[in-house]
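K.L.:
Pasting a structure here, questions to come.
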Amino acid sequence: MSSLSRELVFLILQFLDEEKFKETVHKLEQESGFFFNMKHFEDQVQAGEWDEVEKYLCGFTKVEDNRYSMKIFFEIRKQKYLEALDRHDRAKAVEILVKDLKVFASFNEELFKEITQLLTLENFRQNEQLSKYGDTKSARNIMLMELKKLIEANPLFRDKLTFPPFKNSRLRTLINQSLNWQHQLCKNPRPNPDIKTLFTDHTCAPNNGARAPPPTNSPIVGPIPKPAGGFPPIGAHSPFQPVVSPSSAIAGWMSGTNPSLPHAAVAAAPPNLVQPPAVAAQYLKHPRTPTSAPGMDYQSADTEHLMKRIRTGQSDEVSFSGATHPPNIYSQDDLPRAVVRSLSQGSNVMSMDFHPQQQTILLVGTNVGEIGIWEVGSRERLAHKPFKVWDVSACSMPLQTALMKDATISVNRCIWGPDGSILGVAFSKHIVQIYMYSPTGELRQHLEIDAHIGGVNDIAFAHPNKQLCVVTCGDDKTIKVWDAVAGRRQYIFEGHEAPVYSVCPHYKENIQFIFSTAIDGKIKAWLYDCLGSRVDYDAPGLWCTTMSYSADGTRLFSCGTSKEGDSHLVEWNESEGAIKRTYSGFRKRSLGVVQFDTTRNRFLAAGDEFMIKFWDMDNTNLLTTADADGGLPASPRLRFNKEGSLLAVTTSDNGIKILANSDGQRLVRMLESRTFEGSRGPSEPINPKPPIVNALGPVGNVSTALASPLDRPDRISPQVSLGSLGPMDSSRTADVKPRVTEDVDKVKSWRLSDIVDSAQLKALRLPDPITTGKVVRLIYTNSGLAVLALASNAVHKLWKWQRTERNPSGKSTASVVPQLWQPTNGTLMTNDVSDANPVEESAACIALSKNDSYVMSASGGKVSLFNMMTFKVMTTFMNPPPAATFLAFHPQDNNIIAIGMEDNTIQIYNVRIDEVKTKLKGHQKRITGLAFSQTLNILVSSAADAQLCVWSTDGWEKRKSRFIQAPAGRPGPLAGETKVQFHNDQIHLLVVHESQIGVFDSKLDCLRSWSPRDALSAPISSAIYSCDGLLVYTGFCDGAVGVFDADSLRLRCRIAPSAYIPPSPASSSSVCPLVIAAHPSEPNQIALGMSDGTVHVVEPSDAEPKWGGPPPQENGNLPSIPSNSALNSQSSEQPPR
């Protein structure tokens, strides 16, 4: 349908509404699908007219269209089902279940089962998740709020929620104008024509009098009464636009415009003071994502603070549109223009990036898929990796097909992570590879992600929710966010209508967002909330565009080239989403897509016309150019190092030239002289000054996505930066060696944190009126909202945190006291016990389902499956003897459980069919630990014989076994309870024994280990990885807790029992943590299950939000002896050979 025909439908809708043809209006809305009348939809929902509600919705979307649509229909049908149950109309409920809800079973079978189980309850409010269900009216209103958010987020509704802005009675006005025009064309116009039909053109009958003058454009049809009702005012149902602080980079972009309207349709209020609807404001306080998305609460406290500032109009608001930047004081000598190095890569260089700390380390990716790492000072290539798919079997069929048809592949983008310990590579076909990098130049494979269908066009690192993530975009028109530790997809952003060319993550005032550009020239911005893009603007040139922030994160630039070859380098006014200045100096027709970079809040550089062009950020005129002694391609790629002292530029002969300013030349000469002096390995990192806030600024797609280093001490490398020598003048060159010595002295004087007082951390003893026995098993729920303990008397205890003003997320915290939860019937969740063995002496085990609905547990008797909502036993199995000693769910099938037994065997049990599939034999004593690796398709078992075994999950055959070795000074062989846990990378294995903690690889080779000594000399009772895999928490039998760096097993922090155990006359000095649980999303929070039956939640203080500091490094190796005499010799040991 043409746009004019579409507009005619809107005119007819307005006319029908004014004439009170209500049913016809809504029928036309539904059949045309042009305008979704939210008010009509609300009325239908509140009236419970469910058939009409679905019929109206079906004019705009179907159940299977996308996940938002599916969730909309599910919520409506679930409410209809609950209302039938509430009326005790079970026949109707069963009909709804079979007819309406069954369709969702194929998408979420577990959820459908839970809904079906509601039929068995006398009152469905007995289900914990529905315990707060009120009356029908309030339930419909709550659901309606959720539906509105889903509809507003659904891209199918994006242009259909706002009625176009035009005056009342517009159709009548057009008819009047047409009749007036017809009347003016009459041969014998009458002064007061009598209009009797619209079916034919108007003409006046001839008369005998003189011709009267034609009338003016007065209404002919007659006066138009002002309608009593009318359509909703414009914008009444426009998509909800979250309001962000005006100082946020996209504040004006998001709040100043409505993306569903043309660009000119700007809100009447000042762009930074747009008031959201009340519901939207409430939503900002407690944001929720659709259930299909990862369930993360997004920065609610920060957003609420920003909302308050906007609502009250406080004077501390900042608008970057009015911000002035101090004029740049510079000399052209500050620009790196002298060629100091020429490197031969051997193939066409597609992407480059300097290391964020070691200023002369350059990462390079080429058109044949290879990556290399150069030390440009010494001209040494530290690493070289040709393209290879690491695991072809894990690749999707489209990727395998693409590689079969054409094996050639190119690097589209390569980039360093925030601290230089990780790097990412995006390829022209489907995949992203993530490597770990050591200062010695070694590259270790970390993650391979089949990220996009087609090419992956850009990659960046970001820190949403304080977790390192990888952001990618591709030919499939999507942006995706991946967990950088395990490679799980966390978000997918859809809305571009063309392949996405680049991404630029950034943050302002703790609001994290991503700018993206597509090859149709569209710029969009996204918050990490799955609610669609907040910006829809056109980039100059309407083709390939990249965006980057200045080093301090306050100024936004973009550079792009049109299909015709016109290039545009501009600075954006962030508050208004408009171009602030356009830089001149490009040739009329560029011969390729122009690449650019920024440096040190001062200069812009772009490759064009076989040269490098430089601009002062505050001046639109070209500052100067450099041809790098010739040999550059038409549009060379280029990259500054962090300090701006070096500039890498590609050459037409498959090489790289390094340009330097005077500081860069001194830096390169110093490294060169060290090379001739016979220095071994890569140059030492030198750091005459500590890292500064946003020190990664010049690296466009990385720097601005990072939290301030001052806020993230765990991300600040104690290494020092070569590039920091940049600002030296010649008189200071001799100071280099003394300053290095001085910095090494600082490393040697580093002290471990020893927390001995309760004021140094936050600790909470969980309320428990009856403490008996000891805590033998302890876990957090997967949602992080509760802690579940199993005591030695076979009784489970569940503590839940409630959503409050102090704790809006409802997640566990040491700052808020939780509730010891029990169902209303007072049922205790108690395991079956065996008459043969005293319960206190029986081995206990526990495992939780992924959705937190069921817990499987045993305490020497039968294994019980409990419903976590009702505490009722769903089933029991595995009648002893032998008793179960450890439980682990199969990662790919919740119906398959590995059960470690007291008789030294492992039983692979299918719960659904109540059958033992196979028995694994290989241990000599009872099983004490089981861990699955989904990546390697293996099961690792440990037992009281201190033996580790590896089993294939494909055929359950035994691959390898090994006994752990006794540490130096301890007689062997070892015996006793041994636990295992896989790291997030699913490759490295944490092994825990009272004599040691160790990190093993999949071949059971011990990579590093640590054994108790000095201030932590007591036997180890428990250990576990933090949720991000960066820490290892270790409990000791004297009550102390050690916090170790996971990579090196270096001690970061010791927590004395006096810091978290409240003093009391009854307390015993022998109380210790028997088990440690790590929070699933807060890496610095742990729960301790104690030998006296208590449970403590412990986290760092507000003043020091992380445990200790990262151990210092020398040449990539950690110092062997810290100077703290109380905690000396806490280094990890190399495994015995």
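K.L.:
With every protein chain kept in place and ligands, DNA and RNA left out, what is the accessible area per residue of the range 826-975? Probe 1.4 Å, answer in Å².
P.N.:
42 Å²
K.L.:
Which percent of the accessible area of the range 930-1042 is formed by carbon and sulfur heavy atoms (probe 1.4 angstrom)?
P.N.:
Ligands and nucleic acids excluded, carbon and sulfur reach 48 percent.
K.L.:
For every other residue with a beta carbon closer than 11 angstrom to the beta carbon of V1098, add +1 if it is Lys or Arg and -1 if Asp or Glu, then tell me the sum.
P.N.:
Result for the local shell: +1.
K.L.:
Which entries in the list K132/K800; K429/K480; K385/K429; K137/K160; K78/K148 go over 22 Å, if you measure between the two C-alpha atoms of each?
P.N.:
Beyond 22 Å: K137/K160.
K.L.:
Something else about it: Going by accessible area, probe 1.4 Å, with all protein chains left in place, what is the ranking of L623, L659, largest first? Can you show the working numbers first?
P.N.:
Working: L623 40, L659 0 Å².
Largest accessible area first, the residues go L623, L659.
K.L.:
Ok, one more. Among rounded, prolate and oblate, which fits the range 852-977 when a ≥ b ≥ c are the square roots of the eigenvalues of its C-alpha gyration tensor, a/c under 1.5 means rounded, and a/b larger than b/c means prolate?
P.N.:
Here the range 852-977 falls in the prolate category.
K.L.:
A follow-up question, please. Just order 370-381, 766-777, 1007-1018 by mean Cβ neighbour count inside 10 Å, highest at the front, would you?
P.N.:
370-381, 1007-1018, 766-777
K.L.:
Still on this structure, please answer the following. Can you pull the accessible area of L936 for me, 1.4 Å probe, Å² to the nearest 10?
P.N.:
50 Å²
K.L.:
Starting from the Cα gyration tensor of the range 790-893, take the square roots of the eigenvalues, sort them a ≥ b ≥ c, and report rounded, prolate or oblate (rounded when a/c is under 1.5, otherwise prolate if a/b is larger than b/c, else oblate).
P.N.:
prolate
K.L.:
What accessible area per residue, rounded to a whole number of Å², is obtained for the range 463-522 using a probe radius of 1.4 Å?
P.N.:
Numbers: 1730 Å² over 60 residues.
Heavy-atom SASA per residue in the range 463-522 reads 29 Å².
K.L.:
Express the carbon and sulfur contribution to the solvent-accessible surface of the range 32-178 as a percent, rounded to the nearest whole number, probe 1.4 angstrom.
P.N.:
Values: 3700 of 7020 Å².
Of the solvent-accessible surface of the range 32-178, carbon and sulfur hold 53 percent.
K.L.:
Output wanted: per-residue J couplings in Hz (rounded whole) for the range 515-531, from phi through Karplus 6.51 cos²θ - 1.76 cosθ + 1.60, θ = phi - 60°, x for Gly and Pro.
P.N.:
8, 9, 10, 10, 6, 8, x, 7, 10, 10, 10, 9, 8, 7, 9, 6, 10
K.L.:
Here is a follow-up. Which of the peptides 580-587, 790-797 is most tightly packed, and how do the rest follow, going by the mean number of other Cβ atoms within 10 Å of each residue?
P.N.:
Result, highest mean Cβ count within 10 Å first: 790-797, 580-587.
K.L.:
Within a Cβ distance under 11 Å of S1022, other residues only, what is the Lys/Arg minus Asp/Glu net charge? Mind dumping the intermediate values first?
P.N.:
Numbers: positive: R777, K979; negative: E977, E994.
Value of the local net charge: 0.
K.L.:
Now a separate question. Hey, what did the range 988-1102 get for relative contact order, percent, Cα under 8 Å, at least 6 apart?
P.N.:
Relative contact order of the range 988-1102: 18 percent.
K.L.:
Pick out, from N851, A794, F866, the residue whose Cα sits farthest towards the positive end of the charge dipole of the range 791-869, with +1 on the Cβ of Lys and Arg and -1 on the Cβ of Asp and Glu.
P.N.:
N851
K.L.:
Still on this model: Measure out, as a whole number of angstrom, how far apart the alpha-carbon centroids of the range 769-836 and the range 926-980 sit.
P.N.:
Their Cα centres are 30 Å away from one another.
K.L.:
Follow-up. Given H placed on each backbone N at 1.01 Å, which residues far from S351 in sequence or on other chains put an amide H within less than 5 Å of it?
P.N.:
Counting only residues 5 or more places away or on other chains, the set is G365.
K.L.:
Right, next: Mind grabbing the accessible area of T200 for me, 1.4 Å probe, Å², rounded to tens?
P.N.:
Number for this one is 80 Å².
K.L.:
Same structure again: Could you sort 425-437, 850-862 so that the peptide with the highest average Cβ count within 10 Å comes first and the rest follow in order? Write down the numbers at each step before the final one.
P.N.:
On the way: 425-437: 23.5, 850-862: 21.5.
Ranking, from highest mean packing down: 425-437, 850-862.
K.L.:
Also: Let me cross-check K917: its accessible surface, 1.4 Å probe, with only protein heavy atoms counted, in Å² to the nearest 10?
P.N.:
Accessible surface of K917 is approximately 110 Å².
K.L.:
Zone of S344 (label point 7 Å along Cα→Cβ, backbone N under 17 Å): which residues in the range 381-403?
P.N.:
Taking a point 7 Å out along Cα→Cβ of S344, the residues of the range 381-403 whose backbone N falls under 17 Å are 381-382.
K.L.:
Could you work out how far the C-alpha centroid of the range 1036-1110 sits from that of the range 619-666, in angstrom?
P.N.:
Computed from Cα coordinates, the inter-centre distance equals 52 Å.
K.L.:
How big is the charge dipole of the range 1-153 about its Cα centre, in debye rounded to the nearest 20, if each Lys and Arg gets +1 on its Cβ and each Asp and Glu gets -1 on its Cβ? Before the final figure, lay out the partial values.
P.N.:
On the way: 24 positive and 29 negative charges, 61 e Å.
For the range 1-153, the charge dipole is close to 300 debye.
K.L.:
G441's amide H: which non-local residues (gap 5+, or another chain) put their own amide H closer than 5 Å, with H modeled 1.01 Å from N in plane and none for Pro or chain starts?
P.N.:
HN-HN under 5 Å from G441: empty list.
K.L.:
Here is a further query. Per residue, how many Å² of accessible area does the range 336-405 show with a 1.4 Å probe?
P.N.:
Per residue, the range 336-405 has 40 Å² of solvent-accessible surface.
K.L.:
Classify the range 765-831 from the C-alpha gyration tensor, please: rounded if a/c falls under 1.5, else prolate or oblate depending on whether a/b exceeds b/c.
P.N.:
Prolate shape, in that a/c is at least 1.5 and a/b is the bigger ratio.
K.L.:
Here's another thing I want to ask about it. Just the number, please: carbon plus sulfur as a percent of the accessible area of the range 461-597, 1.4 Å probe, no ligands or DNA/RNA counted.
P.N.:
Whole-percent figure for carbon plus sulfur exposure: 47.
K.L.:
Which FRET efficiency, nearest 0.05, do R190 and N108 yield, Cβ-Cβ r, R0 45 Å?
P.N.:
0.05
K.L.:
Here's another thing I want to ask about it. Determine the dipole magnitude for the range 46-113: charges of +1 sit on the beta-carbon of Lys and Arg, -1 on that of Asp and Glu, nothing else is charged, the reference point is the Cα centre, and the result goes in debye to the nearest 20.
P.N.:
160 debye
K.L.:
Find how much the distance from L174 to D552 grows on full extension, using 0.36 nm per residue of separation minus their present alpha carbon separation; answer in nm with one decimal.
P.N.:
Net length gain for the segment: 130.6 nm.
The values are calculated or read from the model by the stated rules, or taken from the named source; none is laboratory data. Fair warning: this is a prediction, and the values are worked out from it, not measured in the lab. As a convention, Cβ positions derive from the backbone with ideal geometry for all residues, glycine included, and neighbour counts pool all protein chains shown. Ligands, DNA and RNA are excluded from the accessible area calculation, which covers all protein heavy atoms including side chains. Shrake-Rupley method; radii C 1.70, N 1.55, O 1.52, S 1.80 Å.
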